[in-house]
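Since the structure comes first, as structure tokens, the remarks are kept for the end.
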Amino acid sequence: MIEGNPIVLRAVEPGDVDFLYHLENDRDLWAVSNTRNPYSKRTLEQYAAEHHDIFADKQFRWVISANEKPVGCLDLFEFDPFHSRAGVGIAIDRPYRRNGFAETAIQLIMQRAKSDLGCRLLYANIASDNPTSAALFEKLGFQHIATLPHWHRTEMGKFIDQFLYCAFL
């Protein structure tokens with residue numbers, strides 16, 4: 001568990017299945033997570049019941065909890081201890097956006113990634129049509145270092161760029 005004010009980052013628990021089901025099946029978030037199919041409750045129950053180790057799995061999901069209520073998730077993915085880096089992704093449920101939860105969660109994971117995981121770099125992939133996310137990561141010291149042209153196909157069949165942001169820890 002990683003504690004910060006006003007949130008806590010904690011491992012996924014069996015009681016989070018309904019929240020995960022809601023978040024994972026929000027089609028508006030599929031574009032940022034590269035999801036193409038819905039998740040079943042059974043799949044999420046199995047995931048919540050398993051022990052996860054970032055060193056073995058190369059990824060880890062934290063539930064962002066405020067007042068003991070899940071408000072979002074933060075993922076480290078493509079964790080590479082040899083190269084000392086990981087990707088970071090975050091999703092905050094719609095009713096809880098613009099409350100500072102994402103900013104605090106990313107600050108906490110930046111500290112944890114450096115001190116406990118030995119990361120020297122975190123990166124984020126941000127769609128060019130998501131200026132709110134880009135502004136958040138820039139505020140936290142991430143720098144736009146590359147643009148991948150026509151990287152993502154939208155629901156409407158249009159292709160948009162993806163920005164690569166990095167922060168040295």
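The values are calculated or read from the model by the stated rules, or taken from the named source; none is laboratory data. Quantities reported herein were computed from a predicted structural model and do not represent experimental measurements. Backbone-built Cβ (ideal geometry, glycine too); neighbour counts: all protein chains shown. Areas reflect the complete protein model, heavy atoms only, side chains present, ligands, DNA and RNA absent. Shrake-Rupley method; radii C 1.70, N 1.55, O 1.52, S 1.80 Å.
Evaluating Arg42 against the criteria (1) modelled with pLDDT of 85 or more; (2) in a loop (DSSP other than H, G, I, E, B) leaves one unmet condition, (2). Annotation note: Cβ proximity below 7 Å between a residue of the stretch 42-59 that is within 23 Å of Arg112 (Cα to Cα) and basic (Lys, Arg) and a residue that is open to solvent by 70 Å² or more (accessible area, probe 1.4 Å) and outside any loop (DSSP other than H, G, I, E, B) (sequence gap 6+ or interchain) occurs for Lys58/Glu78.
The criterion of at least 3 residues that are open to solvent by 50 Å² or more (accessible area, probe 1.4 Å) and either at pLDDT 95 or above or polar (S, T, N, Q) (or both) is met, among helices (runs of 4 or more DSSP H) falling completely within the stretch 52-169, by 101-115, 131-139.
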